[in-house]
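The values are calculated or read from the model by the stated rules, or taken from the named source; none is laboratory data. The structure displayed is predicted, hence computed values, not measured ones. Cβ atoms come from the backbone with ideal geometry, glycine included; neighbour counts cover every protein chain shown. These accessible areas exclude ligands, DNA and RNA; they are computed on the full protein's heavy atoms, side chains included. Shrake-Rupley method; radii C 1.70, N 1.55, O 1.52, S 1.80 Å.
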Protein chains: 2
Amino acid sequence: MIAVDRKGPKTLYRQIYDAYRTGIVDGSLRAGQRIPSTRVLASELGVSRFPVLNAYAQLLAEGYFESRIGAGTVVSNSLPDNLAPSVQTRKRVATIGPRPMARTASVLPISGRPPWLRGRGAFGVGQVDFDQFPLRIWSSLVARHCRKMDAESLQYGGPMGSKALRETIRNYLRTARSLHCEAEQLMIVSGSQQALDISVRVLLEPGDAVWVEEPGYHLAKDVFSMMGCELVPIPVDGEGLNVAFGIERCRKARAALVTPSHQFPLGVTMSASRRFQLLEWAQDTGSWIIEDDYDSEYRYTTSPIASLQGLDGNDRVIYIGTFSKVLFPSLRLGYVVIPPDLIDRFLAGRRTMDLGPPRFFQDVLADFIDEGHFARHIRRMRVLYGGRQAALVNSISQELGPRVEVLGAQAGMHLTVTLPKGTRDKEIAERAAAMNFWLWPLSPLYMSARSRPGFILGFGSTAARHIPRAVRKFRSLLDAR
Amino acid sequence: MIAVDRKGPKTLYRQIYDAYRTGIVDGSLRAGQRIPSTRVLASELGVSRFPVLNAYAQLLAEGYFESRIGAGTVVSNSLPDNLAPSVQTRKRVATIGPRPMARTASVLPISGRPPWLRGRGAFGVGQVDFDQFPLRIWSSLVARHCRKMDAESLQYGGPMGSKALRETIRNYLRTARSLHCEAEQLMIVSGSQQALDISVRVLLEPGDAVWVEEPGYHLAKDVFSMMGCELVPIPVDGEGLNVAFGIERCRKARAALVTPSHQFPLGVTMSASRRFQLLEWAQDTGSWIIEDDYDSEYRYTTSPIASLQGLDGNDRVIYIGTFSKVLFPSLRLGYVVIPPDLIDRFLAGRRTMDLGPPRFFQDVLADFIDEGHFARHIRRMRVLYGGRQAALVNSISQELGPRVEVLGAQAGMHLTVTLPKGTRDKEIAERAAAMNFWLWPLSPLYMSARSRPGFILGFGSTAARHIPRAVRKFRSLLDAR
């Protein structure tokens, strides 16, 4: 009934186990059928009794066999008669029967990255100059923490993150970003995206209306879509989000997502009067403001702009920061500053989402900041990026002159150029991508049809001396249309 | 109008900036009011012109000042008349106005850890023996990867995780867990909790009914609650989840969460017939099965139980695994095996949730597995934990004899003892916690009132020689009631 191959790649145990299991599943052995004793089978097969005993034990443990006093071992009586439909040959096309999914998840774009985000090079957005990162210092801190690893450091940490890192970031935010906060309000997250996700999950419900900047960051909008919120695009003008327009259009929105220090993608700084209007609206309507402060450390003409959170007397602002731009993205560390009365809720949500952040690099980062490497790195990079920004603005003015308008160049690692109405920025970007030249078009970042054509040009990863050539390439693409 | 203190701790720039900003915010400077020129102010204050220029530039950038040709610099005309309500003195009690939150998030327990989960020691559940972890090997791999770090490794990785680690885990799962899967189906996550969270967000909607094991893991249930799903508790008996009961009670449930290899907390292995019933129900009703395989690597009497996923011919099973138990929890690495037709959806969901996992330790872990350290570690720990399990079972039988029933001791790092009806396990656990003795009571893991009293006793972190004393302490607590 069962045959084994002593020279086959499978162990005898596995062959016996598989033979019985297959026989049961394909129906050649029926429920209740008697199985020879291990002694008998071993002697019939001419093998030692050990593999037979082990295979029987496994089949008993998994419920394929049952053993009754006086009746020996039988095929389990409780198995369904016909197992074929669920197990037989595996169907690789899994389209049988309904495959229901969440509606909210199914509205997310699945197409993968658009062509212009597939490569890295001149004008890549959100790319830091990796060669400038003080890898040697970082590595020595990593090595130091590796030596210090002990039983305690292998344990679960808390959902909020390490106390040392939170204290360190609190001190940094108070002085560098004019934030009002205590370390208890800080939660360490894996970056802006998770910070936004947890804020949305704690604060919003399906159907809630939310103000988003028009144009604005596409991945941020996806977070609201995944919650089933209604996106209300509010135009951004020279002073930032047009609050009066928002109040007119949808006063009852439950939250607003803003990038007041350096609007993405237009680069505008939200004016003081708009900030006060926004805070007043939030307080009047009981709404929340989510302040995404993704790259405010790099500002070239003035000091970094004071945060919106620091102006808020009513704890209506959830403040989000990240180390992806000032250190490096694969670190996956950021933070969210939570109004005091919401801390418990964020904590419960975070525990439910992923228990909390990994510990090791939190400790490394805390030392990196405390020992002054972080401040030094920012100072160095501000000078470096400032030079690249100036080179890019210069080149654009020389090569393209009045054909384009340059926006938002005073901060961050990108600027935006807008082009005359009717310019097909998306087509140009697709053509550029086919040449391994990465231009992020502006118009897809608008939700409404009233979009402006243009491009978001990153300058973080391109040396100043290479910028003029990249701008000429850009011009030739514009000319070719 | 403005005074500066040359010996104060604040820079002159900061003093000037703060003085104007405060004056504007508290209303002592009004919209449109003229500001002295930088030259005049500098000479009045008797300071250099640089800090004055910088402060003015900042106030202009932030929109507190505006400057008009011919009219000099004035306080911005667009500021609201009365800024006081939003900014003035900061109210630390943030209870003014409505503070709406998501209903689903507000049902999560915020109380923090119950007393019995606050400390570590004998009987701690989910605790590995950290002293046995091959820290030296791990550290040398960390050091090696630190040396190899380059620009590419600092970049964003993909939402699914590193290709190398996914290939490695696929090979492991095929041989060790009888899984059918390709590397493309594997997503690296931060642990079981995130794996469950993404599965729920992609597959389920508010209001969907879900089968959960009764008793079952509390943090898993929270994930469904946060989505607004209806929890349907299905009793676990000696063969695992009672599928017939589930079909009778709520056939139309959209998903079932099960721990078939080693049910948490009762330790039962789901029988073959129940597995086939469950797969059949899922296929008949178009439902999903989430298989949480949290600790199946450690099994003492037989080989690890074959996964439910490997039996499923219809791609209805989402399989979840974690390295928290076989390596260490603070690593925060786990994985989810996704049916092929859902990969795109999980990917889009993951990108929206947190962009993807951090890269560094994925690379370290891939090497740790590929170089055989992982298999060696599991083999060593299986022997070690097996000894502890035997010591615990022995001690219980000696000290408590027929007073308790021992369940689920054949696998994992915990077993469960049940106690006579009416035993107040929660009270005993609270008394124990007050003595820094951590006993996890069984009854709170039931949703219905028909709970069994008992305790979940972890043996992962306690040396065999310390177990008898801990059991005597446990007995004295039971006696004292």
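Observations on the structure shown:
- Residue match in the stretch A:374-394 (condition: within 14 Å of chain B (Cβ to nearest Cβ) and of a type in the set (S, T, N, Q)): no
- Hits in the stretch A:9-41 (condition: farther than 21 Å from B:SER307 by Cβ, open to solvent by 30 Å² or more (accessible area, probe 1.4 Å) and part of a helix (DSSP H, G or I)): A:LEU12, A:ARG39, A:VAL40
- Where B:VAL47 falls short, out of the listed (1) within 9 Å of chain A (Cβ to nearest Cβ); (2) at pLDDT 90 or above; (3) assigned to a loop (DSSP other than H, G, I, E, B): (1)
- If only residues of the stretch A:203-219 that are assigned to a helix (DSSP H, G or I) and modelled with pLDDT under 95 are counted, the one that is farthest from the other protein chains (Cβ to nearest Cβ) is A:HIS218.
- Among (1) under 28 Å from B:PRO453 (Cα atoms); (2) surrounded by fewer than 24 Cβ atoms within 10 Å (Cβ to Cβ) - the single one B:LEU278 does not satisfy: (2)
- Index of the failed condition, B:LEU53 passing every other in (1) assigned to a helix (DSSP H, G or I); (2) buried (at least 19 other Cβ atoms within 10 Å of the Cβ); (3) touching a residue at least 12 places away in the same chain (Cβ under 8 Å): (2)
- Residues of the stretch B:441-481 that are within 25 Å of B:LEU231 (Cβ to Cβ), open to solvent by 20 Å² or more (accessible area, probe 1.4 Å) and not basic (Lys, Arg): B:SER443, B:PRO444, B:TYR446, B:MET447, B:SER448, B:ALA449, B:SER451.
- So B:ARG332, is it at positive phi, at the interface with chain A (Cβ under 8 Å from one of its Cβ atoms) and open to solvent by 10 Å² or more (accessible area, probe 1.4 Å): yes
- Here B:LEU108 does not qualify as at the interface with chain A (Cβ under 7 Å from one of its Cβ atoms) and without any contact (Cβ under 8 Å) to a residue 40 or more places away in the chain.
- Within the stretch A:251-282, the only residue that satisfies the criterion of being more than 29 Å from the chain's Cα centre (by Cα), more than 20 Å from B:ARG21 (Cβ to Cβ) and assigned to a helix (DSSP H, G or I) is A:TRP281.
- Yes/no for A:ARG299 being at the interface with chain B (Cβ under 7 Å from one of its Cβ atoms) and surrounded by fewer than 23 Cβ atoms within 10 Å (Cβ to Cβ): no
- Against the list (1) open to solvent by 20 Å² or more (accessible area, probe 1.4 Å); (2) of a type outside the set (Lys, Arg); (3) without any contact (Cβ under 8 Å) to a residue 24 or more places away in the chain, the condition A:SER225 fails is (3).
- Applying the criterion of being of a type in the set (A, V, I, L, M, F, W, C) and open to solvent by less than 40 Å² (accessible area, probe 1.4 Å) to the residues of the stretch B:152-175, the residue that is nearest to the other protein chains (Cβ to nearest Cβ) is B:LEU154.
- In the stretch A:147-184, the residue that is farthest from the chain's Cα centre (by Cα) out of those that are modelled with pLDDT under 90 and of a type in the set (A, V, I, L, M, F, W, C) is A:ALA151.
- Qualifying positions in the stretch A:313-324 - open to solvent by less than 10 Å² (accessible area, probe 1.4 Å) and facing chain B (nearest Cβ under 7 Å): A:GLY313, A:ASP315
- Residues that are among the basic types (Lys, Arg) and away from chain B (no Cβ under 14 Å), drawn from the stretch A:221-250: A:ARG249
- The lone exception for B:MET270 - which of (1) within 12 Å of chain A (Cβ to nearest Cβ); (2) closer than 25 Å to B:ILE343 by Cα it fails: (2)
- Residue in the stretch B:372-389 that is in contact (Cβ under 8 Å) with a residue 40 or more places away in the chain, closer than 16 Å to B:ILE456 by Cα and open to solvent by 10 Å² or more (accessible area, probe 1.4 Å) present: yes
- Filtered by the rule that a residue be farther than 22 Å from A:GLY126 by Cα and small (Gly, Ala, Ser), the stretch A:380-406 gives A:SER397, A:GLY401.
- Odd one out for A:ARG249 among (1) crowded, with 24+ Cβ neighbours inside 10 Å; (2) farther than 26 Å from A:ILE198 by Cα; (3) modelled with pLDDT of 95 or more: (1)
- Residue match in the stretch B:335-348 (condition: hydroxyl-bearing (Ser, Thr, Tyr), more than 7 Å from chain A (Cβ to nearest Cβ) and touching a strand residue (DSSP E or B) at 6+ places or on another chain (Cβ under 9 Å)): yes
- Filter result (more than 11 Å from chain B (Cβ to nearest Cβ) and acidic (Asp, Glu)) within the stretch A:176-187: A:GLU184
- Listed conditions (1) under 29 Å from B:ALA61 (Cα atoms); (2) among the polar types (S, T, N, Q); (3) crowded, with 22+ Cβ neighbours inside 10 Å are all met by A:SER397, apart from (3).
- Boolean, B:LEU400 is aliphatic (A, V, I, L, M), in contact (Cβ under 8 Å) with a residue 40 or more places away in the chain, at the interface with chain A (Cβ under 10 Å from one of its Cβ atoms) and touching a helix residue (DSSP H, G or I) at 6+ places or on another chain (Cβ under 8 Å): no
- When the stretch B:106-131 is filtered for residues that are open to solvent by less than 30 Å² (accessible area, probe 1.4 Å) and over 30 Å from A:ASP341 (Cβ atoms), the ones remaining, listed by number, are B:GLY121, B:ALA122, B:PHE123, B:GLY124, B:GLY126, B:GLN127, B:VAL128, B:ASP129, B:PHE130.
- Within the stretch A:220-231, the set of residues being in contact with an Asp or Glu (Cβ under 9 Å, 6 or more places away or on another chain) and in a strand (DSSP E or B) comprises A:GLU230 only.
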